[in-house]
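Visitor: I'd like to ask some things about the structure below.
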Amino acid sequence: MLWVDKYRPKTLDHITVHEEIAQNLKKLVTEQDCPHLLFYGPPGSGKKTLIMALLRQMFGVSAEKVKVENRTWKVDAGSRSIDIELTTLSSVNHIELSPGDAGFQDRYIVQEIIKEMAKNRPIDTKGKKGFKVLVLNEVDKLSREAQHSLRRTMEKYSSYCRLILCCNSSSRVTEAIRSRCLNVRINAPSEEQIVRTLEFIGKKEGLQLPSDFAARIAEKSNRNLRRAILSLETCRVQQYPFSSKQTIPPMDWEEYITEIATDIMKEQSPKRLFQVRGKLYELLINCIPPEIILKRLLYELLRKLDAELKLEVCHWAAYYEHRMRLGQKAIFHIEAFVAKFMSIYKGFLIATFG
Amino acid sequence: MVMAKRNSIVVLSSDDEGDASNRSLSSNTSYAKSKSRSTSTRGKKRARLSGSRSCSSKDSSRLHEINLLGEDFNEVFTGFNDSAGSRRINTEELWVDKHKPNSLEELAVHKKKVEEVKIWFEERLKPSKAVCSNNVLVISGQAGVGKSAAIHVLASHLGAILCEWNTPTPVIWQEHLHNSSIGTPYTSKLDEFETFVERIRKYGLLSTFINGESKSSIILLIDDLPVTNGKAAFGRLKNCLHQLVRSTQVPTVILVTDYGNADSADYNAWCSEEIQLSLLSSGACKIAFNPITTNSIKKVLSRICQLEQCDLTAQHVDLIAKASGGDIRHAITSLQFFSLKENQKLSLSLSVTKEKENKAFTLDDGYSLHFSRDETLSLFHALGKFLHNKRETGTAIKDDQQEAFLIQERFARLPLKMDAPEKILSQAHVQPGPIADFLHENVLDFMNEEAIEDAWTVSSYLGDADILLTKLQGMLSRYNEAEGILPSAAASVAVRGVLFGNSHTLSSRWHAVRGPKLWRVEKNSLYNKNEMFRQRITAYKGLSSCHTSVMATEYMPALKLLGGRLESPQLSVHDFDMEDIDFDQMSLHGEENDDDEIEDW
């Protein structure tokens, strides 16, 4: 088991990073009145941990007995019926899924699942807790239509089920949904908090963890706790005892993007663009989300760029990111950005150096 | 020859006994056959209609069965002789039948090919010669290149009798109901064909009808093979043909129609190719007929014009010949249609012809459409047009442009040296999605090394096309009307974007067109995604699922490092088997269909 999972706090009481929020949630749940919840915050800040702990608080240990299912839903969409396949994680009391994976058919999935849950409403002996919890991941990836249909079903079936929504940015969640939920913002943990967590794990594992090394990991993790713990573990595998000068292995895909950026800066031609495309394909094959590729690529390019070009390049990056969301084939748009950048940069080089 | 004769005698005696089980069956079917034939007035097969029609009454069914072959034969034979003389008076007839070639000279097929076939026949028909090893000739060619006509003419030239097998018309349901009430079981056309082949192999031809002229030799012509559906039936057909090739004693000609290479994915085309291959491997000879050259078609057309006394300008004849695409049957029909119009609407055509004649020079679309076959283009042909992006050169066209509104220098492009892109798209029958993918995959190869600005324009337009396509998918079935327009618009944007953006084309040279790698990437990434999920949940007992993005960007790299695989930070992608798509290495240089090439040959 990875340390990330091993040392994940199981109950709200054990939560260390967002203690205050955890206590509030506990109070909320113990008073038996649980509204819909919307958790949002950057990756690696502890949203999932909080949600799991919350479920445990609500349903006891049974919430931890999950099974994984690959389910197919038959959905009637007007004239024809569509089969949608999704992986779900479920226990007796909750279902967790990422409707965003269904692509543009996401709106059907949300409605269908909630309806189904309403049908199989669990009945408690005391007549209490007559609801299930539906955990929806990546709500911000849902299409606008899906969010609208979610809003309606939320109202209609609110007595049967509670929704826990989880996303990175609430800005892509419609106003209507946000106002129907209790919004919980989860901050990224501060570097001190990360260091403290790392030290806690080090102590449990019986490791000698130099404090400046822990600080370096925390700094490199970009305030992402999960990443910090993962890199601590990889460092442990690579070299132990730790030395404070030890290199922290970077993510391979990040290095790869750095390589792409170097390629782009070196030569600007259709041929090079073609090579870059090949490399982008490799990233996509490994499921690196295109938005992240674009963002990282921009970051790498900006580091090497003259200040006067930065504004324009950022503009185009934003432009193509937007188009990427409108479209379907991400590679078309990333490539268009790369081509645009090459074109700008080439013009700049010619203007500067003749 | 002696063999065949003796065989026929044997069969005759068995016929008199009249007990063969398949006899009653075939007599009925042939009855049905002749009935349905009489309604079908398809072009060249018309000649057969006049033959021994009298014998279709039920009483004579016994005699009729003998004529299962004989009838065809008689019809063909008599029709043949007739068509030259007596029939020509009948103006109602289709010219295709009316002006059937009657001598080798009139045949439009290339001399060399005719000679080849002739030699083949002569070898087999020589009475002195011992039994030849193989008696089957496969003739392939497009529709309407005169395969059947050549055989007919040759047969009459050599004085041989031609027996023809045509796949009978299918039994329709009503007919089947009717038949089964009488007690006739249904037999598939394939069964019939098999029985037929079986008999041919065993007994040669049942040539009762040659009573008078029993000396003449026989040629068997299998004009179209039964349609098969499914692997099993196809296998049977192949097997049956194999047997035929192996053991037939009669010179047999099998005609196979080539479907244009355009629909190479088509099942039919695949079948015909497969059959040809299997026939060849069993030892048949093959002669391929090329499309008829424009010149030969012109010759035939002008001969017909003379006979029919319609005065078409040489220009029109030329145009028809060109538009026919080597299909002489089509050319003659067009000619008839065309001259018909001229005669009947003389007053109208007078005013119109002037206009027409102007247009005829440029082979304008609107005009030539009247008699051109709908051409199909292969996907690669179309892609080649778009990617090579051929344009007019020089300033000769400046005049045209002045009429149009003024465009800034950088947006102006020379006119395209091809049909409108949309037309090409419709000819190539491609879906908008794939065409965008194909263009995206290949366009960079066709760009000038310096032209990164162009690359941007092109990729931006492709992005537009993608967005248009996505909008369509999002709305599913709700906006039916929009469904037709949006994808076409997307395809148009993609193609025109490529044509517009690629303003500094490379001088044309050989390029391979690849299949879109994007498809493989999508497939593989989906696979990897599921794999990641599985790994995460089973092997690492994660309690909660997490986003794919998190998995890919954080867990996977860490897991790779933890797994002790520290060799390189390179992504381990290279080990996928990049299966070669069959069209991977397809040359685009068959692009211009050179008429010259055929002419030279």
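The values are calculated or read from the model by the stated rules, or taken from the named source; none is laboratory data. Only a predicted model underlies this, so the values are computations on that prediction, with no experimental measurement involved. Glycine also receives a Cβ, built like all others from the backbone with ideal geometry; neighbour counts cover every protein chain displayed. Only protein heavy atoms, including side chains, enter the accessible area calculation; ligands, DNA and RNA are left aside. Shrake-Rupley method; radii C 1.70, N 1.55, O 1.52, S 1.80 Å.
Visitor: Do the alpha carbons of any pairs in A:Lys279/A:Lys310; B:Lys112/B:Lys202; A:Lys141/A:Lys204 sit beyond 29 Å of each other, and which pairs? Present the calculation step by step, with values, prior to reporting the outcome.
Guide: Values: A:Lys279/A:Lys310 24 Å; B:Lys112/B:Lys202 34 Å; A:Lys141/A:Lys204 37 Å.
In this structure, B:Lys112/B:Lys202; A:Lys141/A:Lys204 exceed 29 Å between Cα atoms.
Visitor: Give me the accessible area of B:Trp519, 1.4 Å probe, in Å² rounded to the nearest 10.
Guide: 90
Visitor: Still on this structure: If you bin the C-alpha pair distances of segment A:188-261 every 5 Å from 0, what whole percents do you get?
Guide: 3, 17, 28, 25, 15, 8, 4, 1, 0
Visitor: Using a Förster distance of 25 Å, how high is the FRET efficiency between A:Asp76 and A:Arg144, based on the Cβ-Cβ distance and rounded to 0.05? Please list the in-between numbers first.
Guide: Details: r = 21 Å, r/R0 = 0.85.
For R0 = 25 Å, the calculated efficiency reads 0.75.
Visitor: Next question, about the same structure. Say each of B:Thr313 and A:Glu20 gets a label point 7 Å from the Cα, pointing the same way as Cα to Cβ; how far apart are those two points in nm?
Guide: The modelled label-to-label distance comes out at 9.3 nm.
Visitor: At 222 nm, what helix-only mean residue ellipticity would chain A give, in deg cm²/dmol to the nearest 500, using -39500 (n - 2.57) for each DSSP H run of four or more?
Guide: Computed mean residue ellipticity for chain A: -17000 deg cm²/dmol.
Visitor: Taking 41 Å as R0, compute the FRET efficiency from the Cβ-Cβ separation of B:Phe411 and A:Lys279 and round it to 0.05.
Guide: Values: r = 33 Å, r/R0 = 0.80.
Computed FRET efficiency for B:Phe411 and A:Lys279 comes out at 0.80.
Visitor: Still on this model: Please report Rg (one decimal) and Dmax (integer) in Å for the Cα set of chain A.
Guide: Considering chain A through its Cα atoms, Rg and Dmax are 23.3, 83 Å.
Visitor: Using a 10 Å cut-off around each Cβ of peptide A:270-282, what is the average number of partner chain Cβ atoms that fall inside?
Guide: On the way: counts 16, 6, 4, 6, 7, 1, 0, 6, 3, 2, 1, 8, 8.
If you average over the peptide's residues, the count of other-chain Cβ atoms is 5.
Visitor: For chains A and B, what's the summed buried accessible area, probe 1.4 Å, to the nearest 100 square angstrom?
Guide: On the way: alone 19340 and 34140 Å², together 46810 Å².
By this definition, chains A and B bury close to 6700 Å².
Visitor: When you count, for each residue, the other Cβ atoms within 10 Å and take the mean per peptide, how do A:58-64, A:34-40 rank with the highest first? Don't jump to the answer; show the numbers that get you there.
Guide: Details: A:58-64: 14.6, A:34-40: 20.1.
Per-residue Cβ counts within 10 Å, averaged per peptide and sorted highest first, yield A:34-40, A:58-64.
Visitor: Rounded, prolate or oblate: which fits segment A:1-107, taking a ≥ b ≥ c as square roots of the Cα gyration tensor eigenvalues, rounded meaning a/c under 1.5, else prolate when a/b beats b/c? It would help to have the intermediate numbers written out before the result.
Guide: Working: a/c = 2.12, a/b = 1.90, b/c = 1.11.
Note, shape of segment A:1-107 comes out prolate.
Visitor: Further question: Just to be sure I follow: if Rg is taken over the C-alpha atoms of segment A:212-354 and Rh is the Kirkwood radius over the same atoms, what is Rg/Rh? Before the final figure, lay out each step's value.
Guide: Details: Rg = 17.5 Å, Rh = 16.8 Å.
With Rh from the inverse mean 1/r over Cα pairs, Rg/Rh is 1.05.
Visitor: Among DSSP beta bridges lying fully in segment A:3-185, give the percent that are antiparallel, nearest 5.
Guide: Working: 14 of 31 bridges.
Looking only at bridges with both residues in segment A:3-185, the antiparallel portion is about 45 percent.
Visitor: How shielded is A:343-350 by partner chains, expressed as the average number of their Cβ atoms within 10 Å of its Cβ atoms?
Guide: Numbers: counts 7, 3, 1, 3, 2, 0, 0, 0.
Taking all residues of A:343-350 together, the mean is 2.
Visitor: Hey, can you grab everything whose amide H is under 5 Å from the amide H of A:Leu165? Only 5+ residues off in sequence or another chain; H modelled, so Pro and N-termini drop out.
Guide: A:Leu37, A:Leu38, A:Phe39, A:Leu136
Visitor: A follow-up question, please. I want to check the label-to-label distance for B:Phe337 and A:Lys115. Put each point 7 Å from Cα in the C-beta direction and report it in nm to one decimal.
Guide: 5.2
Visitor: I've got another one for you. Can you tell me which of A:244-256, A:141-153 comes out highest on packing, and rank the rest after it, using the mean Cβ neighbours within 10 Å?
Guide: Working: A:244-256: 16.3, A:141-153: 18.9.
Top to bottom by mean Cβ count within 10 Å: A:141-153, A:244-256.
Visitor: Which whole number gives the average, over all residues in B:521-533, of C-beta atoms from other chains lying within 10 Å of the residue C-beta? Don't jump to the answer; show the numbers that get you there.
Guide: Values: counts 9, 5, 1, 6, 7, 2, 2, 4, 5, 4, 1, 2, 4.
Per-residue shielding by partner chains comes out at 4.
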